[in-house]
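Participant: What follows is a single structure, and I will ask about it in a moment.
Just so you know, all these numbers are worked out from the coordinates, no wet-lab data involved. As the structure is a prediction and not an experimental result, all values here were calculated from the model. Note: ideal-geometry Cβ built from the backbone for every residue, glycine included; neighbour counts use all protein chains shown.
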Amino acid sequence: MRHLLAAGSATGRDHALSERPNQDAWCALQGDWGAVAVVCDGCGSEPHSGVGARLGAVMAANLAARQLEAAGTLDLERLRAEMLSRLALVAQTACVGVREHLLFTIVGAAARDGRATVFACGDGVVAVDGSVKLLGPFPGNQPPYLAYALEDPRVGFERLHEGPAACVLVGTDGAAEAELAPFWSDERHLSNPDLVRRGLKLQRLADDATVALIIRKEP
């Protein structure tokens, strides 16, 4: 069984007008072990959270991939613990502030053998086989960033789906306003890696928007 991956990110209209950079990031990986897709959104009120979002997306995707390869399943408590230990190490060794650099939401999916685990910490959007679920908004527009768990043990991943899935889309909160169906219904998005970004950009969304897809293909 193989998987097709597609992902892209577009700067939001409001960010472009205020000359702020895109604070979203994504990472998608696949191999004989399965496939992983993660999107992250940096805290808009912090100056360097886009750095943390990129770090978080790559970190979460690679750690999840290692779990799938080694055990065939995804343990979210272990993923949480491994990410927190690495985030603490980054903050200590790089001498960066957690709040200024490492506040980001995470929405991800891990797929293997026709099944998928979909998880999140914070707001965003997910779609499993065409069924869309919005995550948030949270009171005061303050989502639970994973880095808060360095001080608050109550913060962690929410398991949104565990079971069969042929197509999974994960997106940041900016993509919640987007028309999402074309991304999984038009296979051109899977053959041209830039079409997802273009599709988001053409919708002229107010906030930065990022989506990533995993589509299962039978042999």
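Participant: What dipole magnitude, in Debye to the nearest 20, does the chain give about its Cα centre under +1 on Lys/Arg Cβ and -1 on Asp/Glu Cβ? Present the calculation step by step, with values, prior to reporting the outcome.
Facilitator: On the way: 21 positive and 27 negative charges, 72 e Å.
Value, rounded to 20: 340 debye.
Participant: If you stretched the chain out fully between Leu4 and Ala88, how much longer would it get, using 0.36 nm times the residue separation minus the C-alpha to C-alpha distance? Spell out each step's value before the answer.
Facilitator: On the way: separation 84, 0.36 × 84 = 30.24 nm, distance 3.35 nm.
Taking Leu4 through Ala88 to full extension adds about 26.9 nm, to one decimal.
Participant: Ok, one more. Check Gly8: other-chain or 5+ apart residues with amide H under 5 Å from its amide H, H built from backbone geometry?
Facilitator: When sequence neighbours closer than 5 places are left aside, the close amide H contacts are Val211.
Participant: Based only on other Cβ atoms within 10 Å, what is the fewest-to-most ordering of Thr73, Thr210, Thr117, Thr11? It would help to have the intermediate numbers written out before the result.
Facilitator: On the way: Thr73 14, Thr210 30, Thr117 26, Thr11 20.
By the 10 Å Cβ count, ascending: Thr73, Thr11, Thr117, Thr210.
Participant: Now, a different point. Which residue fluctuates most in the GNM of the chain (Cα springs below 10 Å): Leu205, Leu195, Leu17?
Facilitator: Residue with maximal mean-square fluctuation among Leu205, Leu195, Leu17: Leu17.
Participant: Just one of (i) 17.3, 57; (ii) 16.1, 48; (iii) 19.7, 79 is Rg and Dmax of the Cα atoms in Å calculated from these coordinates, so which is it?
Facilitator: (ii)
Participant: Sticking with this structure for a sec: Using a 10 Å cut-off on Cβ atoms, rank the peptides 39-47, 177-185 from the highest mean neighbour count down. Let's see the in-between values first.
Facilitator: On the way: 39-47: 24.3, 177-185: 16.6.
For the peptides 39-47, 177-185, the packing ranking is 39-47, 177-185.
Participant: Springs between alpha-carbon pairs under 10 angstrom, Gaussian network model over the chain: which of His48, His15, His101 fluctuates most?
Facilitator: In the Gaussian network model the winner is His15.
Participant: With n ≥ 4 as the cut-off for DSSP H runs, can you work out [θ] at 222 nm for the chain, using -39500 (n - 2.57) per run divided by the number of residues, rounded to the nearest 500? Display every interim value, and only then the final one.
Facilitator: Details: 7 runs with 68 residues, N = 219.
Helices in the chain give a 222 nm mean residue ellipticity of -9000 deg cm²/dmol.
Participant: Which residue, His189, Val90, Pro139, has the largest displacement toward the positive end of the dipole of region 2-217 when charges sit on each Cβ (Lys, Arg +1; Asp, Glu -1)?
Facilitator: His189
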